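The values are calculated or read from the model by the stated rules, or taken from the named source; none is laboratory data. Only a predicted model underlies this, so the values are computations on that prediction, with no experimental measurement involved. Cβ atoms come from the backbone with ideal geometry, glycine included; neighbour counts cover every protein chain shown.
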Amino acid sequence: MGMPSDVGAIDLMLGIPEGSKKNWYGFLRAGLMDRESKDEFEFPAQYMFKEVPKDIEPDADPITTVLNEMDHFGIAKAMVGVNFERSTSVEAVQRHPDRFFGSFEVNPNRGMEGVRDLVRAVEELGVKAATAFPAGLTPQVPINDKKFFPLYAKCVELDIPICVCTGVPGPRVPMACQKTELIDEVCWFFPELKFVMRHGAEPWDELAVKLMLKWPNLYYSTSAFAPKYYPEPIVQYANSRGADKVMYAGYFPMGLSLERIFAELPNVGFEDDVWPKFLRENAARVFKL
């Protein structure tokens, strides 16, 4: 049978285009040292991606544009990053709560103010998850650093997952803070925390599988990877003991088009019974949709 087209996929990483890509990643500039990243790249991991989606036309409605893309490729719901500013993503969630749900980027360098912001985001914006990019913080904060612990504890109290980038980061910033082995201590100390790995965990994908076998509330999402590059250990794990642990996440419009993603997805070697879980059911359960 292969990949079904009618399950109503849930995309755990999608953006609403707003301005140019270069402006999206201004928060990273303080940590970039090489000339290409600072002056030439449209976005910091550009060297890794081919055929990056173009910015939408200035007079086009970005929300309608994204909804049309989602409809074309069978995406029923998408998680978008929101904040307390009146952004296009906030408007998308408010206008189409049946199609979009919000996540909130946390910053452990802000201490208790950061914890209060997360609570406020849940209460006022209705976000369903926290997200974190350890290598993109200034200063960087390792996944198992105690600065993160109040945020992890609050996620447990709020009963929301946290999605954290792990593996070598695409932007040319140091990687040590995102070593996948650091997740082990977090899962040990917070066994109730729903922790979702983002951005591949490479080159520690086999370790990611070992940790998912070990910790019941540890999950994996496929964000920022073209399907033909999904790590083989992850695909094998999903086809065996990990059918309930691996979830679809894209990277549109940051680095991958939905056209490319959904052209390559059918060639991923998931078993027939894994596809509905991967595309929809696991996310619906973990994110309480």
**Message:** Which pairs turn up if I take residues in segment 24-47 that are more than 10 Å from VAL173 (Cα to Cα) and look for partners that are part of a helix (DSSP H, G or I) and among the small types (Gly, Ala, Ser) with beta carbon separation below 6 Å, at least 6 apart in sequence or on another chain?
**Reply:** none
**Prompt:** VAL80 versus (1) touching a Phe, Trp or Tyr at 6+ places or on another chain (Cβ under 6 Å); (2) assigned to a loop (DSSP other than H, G, I, E, B); (3) buried (at least 19 other Cβ atoms within 10 Å of the Cβ); (4) not aromatic (Phe, Trp, Tyr): which is the lone unmet condition?
**Reply:** (2)
**Asked** In segment 52-77, how many are out of contact with any Pro (no Cβ under 7 Å at 6 or more places or on another chain) and assigned to a loop (DSSP other than H, G, I, E, B)?
**Response** 8
**Item:** All helices (runs of 4 or more DSSP H) inside segment 150-251 with 1 or more residues being over 22 Å from ASP11 (Cα atoms) and of a type in the set (A, V, I, L, M, F, W, C)
**Value:** 183-189, 205-214
**Complete:** Considering segment 119-144, residues that are under 19 Å from the mean Cα position of the chain (by Cα) and not hydrophobic (A, V, I, L, M, F, W, C), and then whichever is nearest to PHE104 (Cα to Cα), we arrive at THR131
**Message:** Can you tell me which of (1) modelled with pLDDT under 95; (2) in contact with a His (Cβ under 9 Å, 6 or more places away or on another chain) is the one MET254 doesn't meet?
**Reply:** (2)
**Request:** Determine whether ARG116 is more than 14 Å from LEU218 (Cα to Cα), modelled with pLDDT of 95 or more and of a type in the set (Lys, Arg).
**Result:** yes
**Residue ID - farthest from PRO253 (Cα to Cα), chosen from residues in segment 60-77 that are of a type in the set (A, V, I, L, M) and surrounded by 15 or more Cβ atoms within 10 Å (Cβ to Cβ)** = ALA76
**Asked** Inside segment 236-289, can you point out the residues that are among the aliphatic types (A, V, I, L, M) and under 30 Å from VAL122 (Cα atoms)?
**Response** ALA243, VAL246, MET247, ALA249, MET254, LEU256, LEU258, LEU279, ALA283, ALA284, VAL286, LEU289
**Prompt:** Hey, GLU57 hits all of (1) at pLDDT below 95; (2) surrounded by 18 or more Cβ atoms within 10 Å (Cβ to Cβ); (3) more than 30 Å from LYS147 (Cβ to Cβ) but one; which does it fall short on?
**Reply:** (2)
**Matching option when the condition is over 25 Å from VAL196 (Cβ atoms) and part of a helix (DSSP H, G or I), among SER37, SER89** = SER37
**Asked** Of these, PHE287, PHE278, which one is of a type outside the set (S, T, N, Q) and touching a helix residue (DSSP H, G or I) at 6+ places or on another chain (Cβ under 8 Å)?
**Response** PHE278
**Prompt:** In segment 184-224, how many residues are in contact with a Phe, Trp or Tyr (Cβ under 9 Å, 6 or more places away or on another chain), over 20 Å from SER103 (Cα atoms) and among the aromatic types (Phe, Trp, Tyr)?
**Reply:** 4
**Message:** Could you check segment 140-169 and list, in sequence order, the residues that are without any contact (Cβ under 8 Å) to a residue 40 or more places away in the chain, within 26 Å of LEU289 (Cβ to Cβ) and acidic (Asp, Glu)?
**Reply:** GLU157
**Prompt:** What pairs can you find where one residue is in segment 170-183 and among the small types (Gly, Ala, Ser), the other is in a loop (DSSP other than H, G, I, E, B), and their Cβ atoms are less than 6 Å apart, with a gap of 6+ or different chains?
**Reply:** GLY170/ALA45
**Message:** Quick test for you: out of ASN239, ASN282, ASN267, pick the one residue that is crowded, with 20+ Cβ neighbours inside 10 Å, polar (S, T, N, Q) and over 14 Å from the mean Cα position of the chain (by Cα).
**Reply:** ASN282
**Asked** Name the residues in segment 252-261 that are in a helix (DSSP H, G or I) and either buried (at least 19 other Cβ atoms within 10 Å of the Cβ) or among the small types (Gly, Ala, Ser) (or both), would you?
**Response** LEU258, ARG260, ILE261
